[in-house]
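Peer 1: Submitted below is the structure of interest, expressed as structure tokens.
The values are calculated or read from the model by the stated rules, or taken from the named source; none is laboratory data. Here the structure is a predicted model, which means the values were calculated and not measured. Cβ sites come from the backbone with ideal geometry, for glycine too, and all protein chains shown count toward neighbours.
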Amino acid sequence: MITMEFEEMKKIWDSQHQEPLYAIDETTLHKRIQQKSASIKRMVNCFEWSIIAITTFVSGFMIVGTMIEGEGFYSYLFGGIIFLIAVYIFIGRRHRQQQAGSFDQSLLGDLNQAISNIDYHITRLRRFIWWYILPFTLIYALSMYETFYGRPLWVWFLMPAAFVAAYFLFQRDIRKYLLKKRDLEALRNKLTEEEY
């Protein structure tokens, strides 16, 4: 927990420099914040590139596979929508990177950038469920109806079950990142209180 780290760092006492008992080692704190910020940035980058790669692959697979087989309007539609999602995520990534340059290179600037990255990721996860997984499930169901008519009943429940599982996994991740965000905001509040 970041608040625990902050409390521990707040109690650091450097007897060689004769600083007060509750002095903050700003250099160490700044390094920890930069490490947390870099970790969050790597996580967001990994998520974005993974989704871009997966959606591009699935889109290409659907379009090329449908072209070879020569049937399945919904498969073309599915492939096109999935490709548009990859483009949307790439554009959002570029926008996020441009905003990253607006934060100053200071302790509070790095902290604000980490909070901004978490906000971005939480928003992306929330939208991902409704603007990616749900359309994917619906178009997949239409495609199945067109090409898999007469298949066993369990095949029809496979995609909705995957949607429900993904929904709960995303909700768990959102809660995890909300906790990280609260910790970072608590640290920011403590730092700004001490400035005044």
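Peer 1: Kindly list the number of the only condition in (1) closer than 17 Å to Leu184 by Cβ; (2) at pLDDT 80 or above that fails for Ala100.
Peer 2: (2)
Peer 1: Within the range 111-140, track down each residue that is of a type in the set (Phe, Trp, Tyr) and closer than 11 Å to Ile174 by Cβ.
Peer 2: Within the range 111-140, the subset of a type in the set (Phe, Trp, Tyr) is 120, 128, 130-132, 136, 140.
Hit for the range 111-140 is Phe128, nothing else.
Peer 1: So Gly150 ticks every box in (1) assigned to a helix (DSSP H, G or I); (2) loosely packed, with under 12 Cβ neighbours inside 10 Å; (3) modelled with pLDDT under 85; (4) not hydroxyl-bearing (Ser, Thr, Tyr) but one. Which box is left unticked?
Peer 2: Looking at each condition in turn, Gly150 falls short on (1).
Peer 1: Out of Met67, Met62, Met43, which single residue is buried (at least 17 other Cβ atoms within 10 Å of the Cβ) and either assigned to a helix (DSSP H, G or I) or of a type in the set (Val, Ile, Thr) (or both)?
Peer 2: It is Met62.
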